[in-house]
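**Student:** Take this structure, written in structure tokens, and hold onto it; I'll ask about it next.
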Amino acid sequence: MRREIPILITSVAGLVFAVSYFIPHFPFGESESIFGDWVTIVQAFAIWLGALNLIKVSWEKISRKKADWPFALLIVISLVATLLIGFIDGYRGLNAEPQYSFRDPGTSFDWLFRHVYTALTSTMFSMLAFFVGSASYRAFRARNLQATLLLIAGFFVMGGRVPLLDQMIAPIWDYPFFSHLADWIMTFPNTAGQRAIMIGIALGVMSSSLRIILGIERSHVGGGTR
């Protein structure tokens, strides 16, 4: 029963969401709303469970002085400090006149988000540019036909995004050739490839969902495939 009940709940919830998409009328529409509320409740508990698990794993690393334990200590301090600042701002906002949210502009939590979190996010994305450049260098090596086509397409797209090439040919041909070619590649071949990938992903999601609803796939309850 420890596995049968979660499998039954998963199957019923999956069927309700699937049927309500095609029949958005009573009682399926109302059932979807009820199940959606339960999903929100479960997500709220999952967030706290994830935070407690993060603290547990980080504290074990700190107490045993494992590799990179100072980073684990920084994670715990940042998590606790963010929670405290949010709770304090929320408490002050509820007792203020007029009331305000801890996420409103001007609060300490908003300052923390804009001046710490946003700055860290920008730093991470700027570092990713170097990894993207390294991966592009390895992927654009013309080892076969596919890699050669990728190299040619990447050259024209990057050339169209940088006005240098168009300016170089401007004295000879006053036409933004690289810009228009890059737009054509992004509009037609790139869109066609993206749609093919999305169709494949949709078929994979549908197949996995049917396996879970029918109880064939049981990895989410600690079991294998039936």
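**Student:** For residues in segment 30-45 being loosely packed, with under 12 Cβ neighbours inside 10 Å and among the small types (Gly, Ala, Ser), which is modelled with the lowest pLDDT?
**Tutor:** Ser33
**Student:** Additional query: Only one of (1) over 26 Å from the mean Cα position of the chain (by Cα); (2) outside any helix (DSSP H, G or I) fails for Asp89. Which number is that?
**Tutor:** So Asp89 meets the others, but not (2).
**Student:** Now for a different question. Surrounded by 10 or more Cβ atoms within 10 Å (Cβ to Cβ), within 30 Å of Ile85 (Cβ to Cβ) and not β-branched (Val, Ile, Thr) - does that describe any residue in segment 128-144?
**Tutor:** Yes, segment 128-144 contains at least one residue that is surrounded by 10 or more Cβ atoms within 10 Å (Cβ to Cβ), within 30 Å of Ile85 (Cβ to Cβ) and not β-branched (Val, Ile, Thr).
**Student:** Could you count how many residues in segment 173-191 are exposed (fewer than 10 other Cβ atoms within 10 Å of the Cβ) and within 21 Å of Ile152 (Cβ to Cβ)? Don't jump to the end; show me each part of the working.
**Tutor:** Let us first name the residues in segment 173-191 that are exposed (fewer than 10 other Cβ atoms within 10 Å of the Cβ), namely 173-174.
Pick out the ones that are also within 21 Å of Ile152 (Cβ to Cβ) and you get 173.
Going through segment 173-191 one residue at a time, the tally reaches 1.
**Student:** A follow-up question, please. Go through segment 191-226 residue by residue and tally those that are at pLDDT 90 or above and touching a helix residue (DSSP H, G or I) at 6+ places or on another chain (Cβ under 9 Å).
**Tutor:** Count: 0.
**Student:** Lys61 - would you say it is part of a loop (DSSP other than H, G, I, E, B) and either closer than 15 Å to Val76 by Cβ or at pLDDT 80 or above (or both)? Don't jump to the end; show me each part of the working.
**Tutor:** Values: part of a loop (DSSP other than H, G, I, E, B): no; either closer than 15 Å to Val76 by Cβ or at pLDDT 80 or above (or both): yes.
It is false that Lys61 is part of a loop (DSSP other than H, G, I, E, B) and either closer than 15 Å to Val76 by Cβ or at pLDDT 80 or above (or both).
**Student:** Out of all the residues in segment 1-29, which are in contact (Cβ under 8 Å) with a residue 60 or more places away in the chain and assigned to a helix (DSSP H, G or I)?
**Tutor:** Pro6, Ile7, Thr10, Ser11, Gly14, Leu15, Ala18
**Student:** Gly50 is checked against (1) of a type in the set (Gly, Ala, Ser); (2) surrounded by 11 or more Cβ atoms within 10 Å (Cβ to Cβ); (3) closer than 16 Å to Leu79 by Cα and fails just one. What number does that condition carry?
**Tutor:** (2)
The values are calculated or read from the model by the stated rules, or taken from the named source; none is laboratory data. Predicted model only: the values in this text are computed from it and were never measured. Cβ: placed from backbone, ideal geometry, glycine included. Neighbour counts: every protein chain shown.
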